Amino acid sequence: MIASLLVDTHLVLWARIAPERRTLDRARSRYMSAVSLWEIAILMALDRIARDERLLSVPDGFDLLPVLPDHCKALVTLPRRHRDPFDRMLIAQARADHLPLLTRDRAIIAYGSAGADIVTFDA
């Protein structure tokens, strides 16, 4: 069993519609970053996803992870593998709080040991 997980934005959206949640359900604690809410709001404003206000709430079974000073300090130390500020903050939060990061994002996975502990899966 996984003690806790931080879930990337794509998977937060996916978890709302997909019945397959084995990895999520095995974690005792599941976190959604405030950064994911920000990213979802921007995607809505750009009409890249539906403007559904339910997407701007924390899903049942998740706790909100705010952005804290330690997360910002961890962000500064990350190598510049790519420029997505949302992904970089998720990695920094996972690293600072010692949380595995659940993702399928290849750019996040590419950080390897320089990033966070990554949990991935095949859909």
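The values are calculated or read from the model by the stated rules, or taken from the named source; none is laboratory data. Quick caveat: nothing in here was measured; it's all calculated off a predicted structure. Here Cβ is always computed from backbone atoms with ideal geometry, including for glycine, and neighbour counts include all displayed protein chains. To get the accessible areas, we keep the full protein, side chains included, count just its heavy atoms, and leave off ligands, DNA and RNA. Shrake-Rupley method; radii C 1.70, N 1.55, O 1.52, S 1.80 Å.
Once you place label points 7 Å from the Cα toward the Cβ at Ile42 and Arg106, how far apart are they in nm?
Using points 7 Å along Cα→Cβ, the separation is 2.2 nm.
How large is ³J(HN,Hα) for each residue in the range 54-71, as worked out from phi by the Karplus curve 6.51 cos²θ - 1.76 cosθ + 1.60 (θ = phi - 60°), to whole Hz, x for Gly and Pro?
Result, ordered by residue: 4, 5, 9, 10, 6, x, 3, x, 10, 10, 7, 9, x, 8, 10, x, 4, 5 Hz.
Longest span of the chain, sites excluded, free of trypsin sites (Lys or Arg not before Pro) in DSSP loop with at most 10 other C-beta atoms within 10 Å?
1-47
Any idea of the accessible area per residue across the chain, 1.4 Å probe, to the nearest Å²?
Value returned for the chain: 58 Å² of accessible area per residue.
Between Trp14 and Asp84, 0.36 nm times their residue separation minus their Cα-Cα distance comes to what?
23.2 nm
Using amide H atoms built 1.01 Å from N in the peptide plane, name the residues 5+ places from Tyr31, or on other chains, whose amide H lies under 5 Å from its own.
It is Leu5, Leu6, Val7, Asp63, by chain and number.
Using only the Cα atoms of the chain, what do you get for the radius of gyration and for Dmax, in Å?
Radius of gyration, then largest Cα-Cα span, for the chain: 13.7, 38 Å.
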